[in-house]
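Chemist: Mind having a look at this structure? Questions to follow.
The values are calculated or read from the model by the stated rules, or taken from the named source; none is laboratory data. All of these numbers come straight from a predicted model, not from anything done at the bench. Methodologically, a virtual Cβ is constructed for each residue, glycine included, from the backbone with ideal geometry; neighbour enumeration extends over all protein chains shown.
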Amino acid sequence: MRPLSRFFARALAATAVALTFGAQAHADDLTVSAAASLTNAFKAVGDAFEQQHPGTKVLFNFGASDVLMQQISNGAPADVFASADQKAMDKAAAEKVIVPATRKDFAANSLVLIVPSDSHFAPTALNALTAANVKRIAYGDPASVPVGRYAEGALKSAGVWDAVSPKGVLATNVRQSLDYVSRGEVDAGFVFGTDAAIMPERVKVALTVPTQSPITYPIARVEGSRYATDAQAFIAFVLSPAGQAVLAKHGFKPASAH
């Protein structure tokens, strides 16, 4: 896609998000853009936060971290941004769309290789993915999806990236990678440990994959938030014992563990 076409595509995406939230938002609505892997956990966090803050409604926009960052950069409404890796948040800081002093790490995760629950493929190392009978492997697009960057780094570290990447089925976010595996459309896929736990009857973890850097999740207030006080309150709740307990129920580990 040419640069000008990319610009208009991003502008249209941001406009669509703005119109969607504009139609839904009310005076005390807080908009949180969060990584797709946080979907279940943050919905529960939002419910708990609303109970402690009557009158405040939390609206969520879930997706690939880099895509969310770009939406915010292009003007989509958001008060809080939560990313699945540090690089996406670094980009947000570089584009000055977050308040750097509010940035905090709040959770940690793991990278796993999953296969369909009825699969007989049982890899014990990443080099098993180079086998001729392994045709399709799902992972997030490394250009925009944190789980894809972690997968690429792990495969390169194992010396098998060149052999495995031609088999790659790129997903737009980690949940799409999970769906590909759960439907048996690929032989294996890379997701976060918390995502694999959502579908225990449809996928199984074949391998916990070492990563070159810890998988930690940062959160920050968006620059220019109309509800800065509520945004800070939400971040504080995520970091609080109550918020951390909700995250733990969904499989996330404390960021301090890494």
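Chemist: Just checking, does segment 100-121 include any residue being exposed (fewer than 14 other Cβ atoms within 10 Å of the Cβ), of a type in the set (S, T, N, Q) and over 23 Å from PRO254 (Cα atoms)?
Modeler: Scanning segment 100-121 turns up no residue that is exposed (fewer than 14 other Cβ atoms within 10 Å of the Cβ), of a type in the set (S, T, N, Q) and over 23 Å from PRO254 (Cα atoms).
Chemist: Kindly indicate which of ALA248, ALA163 is modelled with pLDDT of 95 or more, outside any loop (DSSP other than H, G, I, E, B), within 17 Å of the chain's Cα centre (by Cα) and surrounded by fewer than 19 Cβ atoms within 10 Å (Cβ to Cβ).
Modeler: ALA248
Chemist: What number of residues within segment 174-222 are buried (at least 22 other Cβ atoms within 10 Å of the Cβ) and β-branched (Val, Ile, Thr)?
Modeler: Residues meeting the conditions: 9.
Chemist: Related question: All but one of (1) of a type in the set (A, V, I, L, M, F, W, C); (2) out of contact with any strand residue (DSSP E or B) (no Cβ under 9 Å at 6 or more places or on another chain); (3) more than 17 Å from ILE235 (Cα to Cα) hold for ALA76; which doesn't?
Modeler: For ALA76, the exception is condition (2).
Chemist: Select, from ALA171, ALA220, ALA158, the only residue that is within 17 Å of PRO142 (Cβ to Cβ), touching a Phe, Trp or Tyr at 6+ places or on another chain (Cβ under 7 Å) and in contact (Cβ under 8 Å) with a residue 12 or more places away in the chain.
Modeler: Testing whether each residue is within 17 Å of PRO142 (Cβ to Cβ), touching a Phe, Trp or Tyr at 6+ places or on another chain (Cβ under 7 Å) and in contact (Cβ under 8 Å) with a residue 12 or more places away in the chain leaves just ALA171.
Chemist: Looking at ALA143, is it more than 15 Å from GLY189 (Cα to Cα), exposed (fewer than 15 other Cβ atoms within 10 Å of the Cβ) and assigned by TED's automatic domain parsing to the domain that holds ARG175?
Modeler: So ALA143 passes the test.
Chemist: Quick one: would you say GLU50 is out of contact with any strand residue (DSSP E or B) (no Cβ under 9 Å at 6 or more places or on another chain), surrounded by fewer than 21 Cβ atoms within 10 Å (Cβ to Cβ), modelled with pLDDT of 95 or more and assigned by TED's automatic domain parsing to the domain that holds LYS253?
Modeler: The answer is no for GLU50.
Chemist: Also, I was wondering about something else. Among the residues of segment 166-193, write down those that are closer than 22 Å to ALA36 by Cβ and either in a helix (DSSP H, G or I) or modelled with pLDDT under 95 (or both).
Modeler: Answer for segment 166-193, where residues must be closer than 22 Å to ALA36 by Cβ and either in a helix (DSSP H, G or I) or modelled with pLDDT under 95 (or both): VAL174, ARG175, GLN176, SER177, LEU178, ASP179, TYR180, VAL181, SER182, GLY193.
Chemist: Can you tell me which condition ALA125 does not meet? The list is (1) surrounded by fewer than 16 Cβ atoms within 10 Å (Cβ to Cβ); (2) assigned by TED's automatic domain parsing to the domain that holds THR39, and all the others hold.
Modeler: (2)
Chemist: Among what's in segment 109-136 and is assigned to a helix (DSSP H, G or I), in contact with a helix residue (DSSP H, G or I) (Cβ under 8 Å, 6 or more places away or on another chain) and free of Cβ contacts under 8 Å to residues at least 60 places away in the same chain, pick the residue that is farthest from PRO214 (Cα to Cα).
Modeler: The residue in question is THR130.
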